[in-house]
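Below are the structure tokens for one structure; questions will follow.
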Amino acid sequence: MQRTLSIVKPDGVKKNVIGNVIGRFESEGLRVVALKMMHLTQKGAEGFYAVHSERPFFASLTEFMTGGPVVVMVLEGDNAIKRVRGLMGATNPAEADEGTIRKDLADSIEANIVHGSDAPETAEFEIGYYFNAMELHG
Ligand code: ATP
Ligand code: MG
């Protein structure tokens, strides 16, 4: 069993596809073990995406992520990190495989609907960033 953090980003909430995204995870046998809707602060978004702080798109990314509410969740299942990344598709929706969340729903490399942890260490950091032990229901 493995846990991963996923976020329906502000564009996904605005497009009314929260259930669509979560439904795809559930249909593949991943379980939601924690879930909350929140509006990220600038500091909160900067801390979450700190690994990208030197990237040219960092300011734009944090502005985008604070532009509206998001839905943050923890998903559990065998090989959850890789499976969620597979369902999401490539960062740039133009390069994402058919049938993936980003191919089907996303507009641009920035407004790409969904986040998923990319490795066990990042999953641990990201889950702890948004949830405490009492909020995890595995
Ligand atoms: P995420 O971390 O959100 O799951 P990812 O792992 O596919 O996405 P990263 O390289 O970690 O992609 O980039 C984090 C986020 O930053 C992307 O999802 C996207 O919203 C934004 N981003 C990445 N590259 C660019 C870019 N070249 N221009 C604008 N925004 C970008
Ligand atoms: Mg990433």
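None of the figures in this text is laboratory data; all of them are computed from the coordinates on show. Note that the coordinates shown come from a computational prediction; the quantities given were computed from them, not determined experimentally. As a convention, Cβ positions derive from the backbone with ideal geometry for all residues, glycine included, and neighbour counts pool all protein chains shown.
Can you list residue pairs whose Cβ atoms sit under 8 Å apart, with the first residue in segment 34-49 being in contact (Cβ under 8 Å) with a residue 60 or more places away in the chain and the second being among the acidic types (Asp, Glu) and surrounded by fewer than 17 Cβ atoms within 10 Å (Cβ to Cβ)? Count only pairs 6 or more apart in sequence or on different chains.
Taking only residues 6 or more apart or on different chains, the pairs are Ala34/Glu135; Lys36/Glu135.
Restricting segment 106-123 to residues that are charged (D, E, K, R) and near ligand 1 (Cβ under 7 Å from one of its atoms), which is nearest to the chain's Cα centre (by Cα)?
Taking the candidates together, the pick is Asp118.
Assigned to a helix (DSSP H, G or I), of a type in the set (S, T, N, Q) and under 21 Å from Phe25 (Cα atoms) - does that describe any residue in segment 103-125?
Of all residues in segment 103-125, those assigned to a helix (DSSP H, G or I) come to 103-105, 120-125.
With of a type in the set (S, T, N, Q) added as a condition, the list becomes 122.
Now restrict to residues that are under 21 Å from Phe25 (Cα atoms): 122.
Yes, there is a match, as at least one residue in segment 103-125 is assigned to a helix (DSSP H, G or I), of a type in the set (S, T, N, Q) and under 21 Å from Phe25 (Cα atoms).
What number of residues within segment 76-96 are within 13 Å of ligand 1 (Cβ to nearest atom), within 15 Å of the chain's Cα centre (by Cα) and not basic (Lys, Arg)? Steps first, answer last, please.
Residues of segment 76-96 that are within 13 Å of ligand 1 (Cβ to nearest atom), as a first pass: 81-82, 84-96.
This time we only want the ones that are within 15 Å of the chain's Cα centre (by Cα), so: 81-82, 84-93.
Retained after the next criterion (residues that are not basic (Lys, Arg)): 81, 84, 86-93.
The qualifying residues number 10.
Here is a list of conditions, (1) within 20 Å of Glu110 (Cα to Cα); (2) part of a helix (DSSP H, G or I); (3) in contact (Cβ under 8 Å) with a residue 60 or more places away in the chain, and Phe25 meets all of them except one; can you say which number that is?
Condition (1) is where Phe25 drops out.
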